[in-house]
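Single-structure report; data block below.
The values are calculated or read from the model by the stated rules, or taken from the named source; none is laboratory data. Being a predicted model, the structure only gives us computed values, none of them experimental. Here Cβ is always computed from backbone atoms with ideal geometry, including for glycine, and neighbour counts include all displayed protein chains. For the accessible areas, the whole protein counts, side chains as well, though only heavy atoms, and no ligand, DNA or RNA atoms are used. Shrake-Rupley method; radii C 1.70, N 1.55, O 1.52, S 1.80 Å.
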Amino acid sequence: MPLDTQGPSAAAFDLPEATRELRETALAFAREVLAPKALEWDQARHFPVEEMREAAALGMAALYVREESGGAGLTRLDAAVVFEALAMGCPTVSAYLSIHNMVAWMIDRFGDDAQRAQYLPDLIPMRKVASYALTEPGSGSDAAALRTRARRDGGDYVLDGSKQFISGAGVSDLYLTMVRTGGEGPGGVSALLVPKETPGLSFGANEKKMGWNAQPTRAVIFEGARVPAAALLGEEGQGFRFAMAGLDGGRLNIAACSLGGAQAALDIALGYVQERRAFGKAIADFQNTQFRLADMQTELEVARTFLWRACSKLDAKSPDATAFCAMAKRFVTDTCSKVADDALQLLGGYGYLAEYGIEKIVRDLRVHRILEGTNEVMRLIVARSMLGRR
């Protein structure tokens, strides 16, 4: 898969020099490690854990974990720039790294000293990998309706229920799991850290998916799974708040992964139309092609600019940060999915072939409009914020 290491001008919005350097490091990693194997991993349904550990060695598995906890201590804007760059090599791998980052950050942000000491030393270098377990077979968009229950039994919690569509499931070593410890609604939800080796924890079959084939997706099943009370993150009843805080950043990350994938697709198409000839001249010489290229680039730049604004809102802890994260997730993932599809169209029949890499990007980006909250739910979040409802 071709990878344009120049891409859009990262300096055009006066990003800090340190952020631009981060971007160059991530682009180099994407070009040298991810892009050459992306199609192979997709076709073989291979989860490239060793390559992700190489990214972790560069600090990319704990981007916004605090420095005092061993992380990079970066901003959400820094993280978005990194995930976009990594996604130019493979959106699927970049997206999984974003999930792992989210779990590490939640442990750092909401865990106690003992939990940070127990888990972060292995998560930061990705000696162990982590998954986020919120969605259930009967509660996707309505996350507060989750049914997986954890009851207190002496010094332990005993879990029963199941989670669905969990990235990394079956391979990940740790599952940050949202469970019901109290009554109905968000106030009855708590967060537990459940290791893979927990008795009573099992996994469904690896799902056959349209895209994201380079990471496994399985159900996570709890049948009397027992963990110590020390596995509770924060206090009982705080889990839903933790989950939503994690998703604010997760939505920015997945938007950034969409940007990287769409930019890679546009770069491939740009090279193709300058080489492919029809009716005696290069396709790029046709005004229709030029107009489409201009629109695609404009759409990506607008999406990128708004994503960066949403990142700045979350970094500043602005009261409207959640609404901006939702707007960014909806707009950027919709826009980038369209740009990737337009890039495929520019290649005609060749765009439909696996060897050019665009059809994989189109498949990978399609799910970004569903996960981390569907884009319909993003509209609901924004509308409620406008109307003063919660």
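Which residue is surrounded by the fewest Cβ atoms within 10 Å (Cβ to Cβ), if the candidates are limited to the range 71-117 and must be out of contact with any Leu (no Cβ under 6 Å at 6 or more places or on another chain) and part of a loop (DSSP other than H, G, I, E, B)? Result: 112. If you go through the range 233-246 and pick out every residue that is open to solvent by 10 Å² or more (accessible area, probe 1.4 Å) and not acidic (Asp, Glu), you end up with 7. As a summary of the residue check, residue 127 satisfies the conditions (1) of a type in the set (Lys, Arg); (2) part of a loop (DSSP other than H, G, I, E, B); (3) more than 24 Å from the chain's Cα centre (by Cα); (4) more than 30 Å from residue 375 (Cβ to Cβ) except for the one numbered (3). For the range 310-336, a residue qualifies if it is over 22 Å from residue 245 (Cα atoms) and buried (at least 23 other Cβ atoms within 10 Å of the Cβ), and exactly one does: 336.
Go through the range 214-225 and give me each residue that's in a strand (DSSP E or B) and crowded, with 18+ Cβ neighbours inside 10 Å. Selection gives 217, 218, 219, 220, 221, 222, 225.
In the range 98-111, the residues that are among the hydroxyl-bearing types (Ser, Thr, Tyr) form Cβ pairs under 7 Å with partners that are buried (at least 22 other Cβ atoms within 10 Å of the Cβ), at six or more places apart or across chains, as follows: 98/83; 98/250; 98/253; 98/254; 98/257. Only one entry of 131, 162, 139 meets the criterion of being open to solvent by less than 50 Å² (accessible area, probe 1.4 Å) and free of Cβ contacts under 8 Å to residues at least 24 places away in the same chain, and that entry is 139.
Answer yes or no as to whether residue 230 is within 19 Å of the chain's Cα centre (by Cα) and either in a helix (DSSP H, G or I) or surrounded by fewer than 24 Cβ atoms within 10 Å (Cβ to Cβ) (or both). When the stated conditions are applied, residue 230 does not pass them. Residue pairs whose Cβ atoms lie under 6 Å apart, separated by 6 or more positions or on different chains, with the first residue in the range 247-259 and closer than 15 Å to residue 65 by Cα and the second outside any helix (DSSP H, G or I), are 250/372. Scanning the range 351-390 for residues that are in contact with a Gly (Cβ under 6 Å, 6 or more places away or on another chain) and among the small types (Gly, Ala, Ser) turns up nothing.
Listed by first and then second residue, the pairs linking a residue in the range 172-196 that is open to solvent by 10 Å² or more (accessible area, probe 1.4 Å) to a residue that is among the β-branched types (Val, Ile, Thr) and in a loop (DSSP other than H, G, I, E, B), with Cβ atoms under 9 Å apart and 6 or more places separating them unless they lie on different chains, are 173/129; 196/171.
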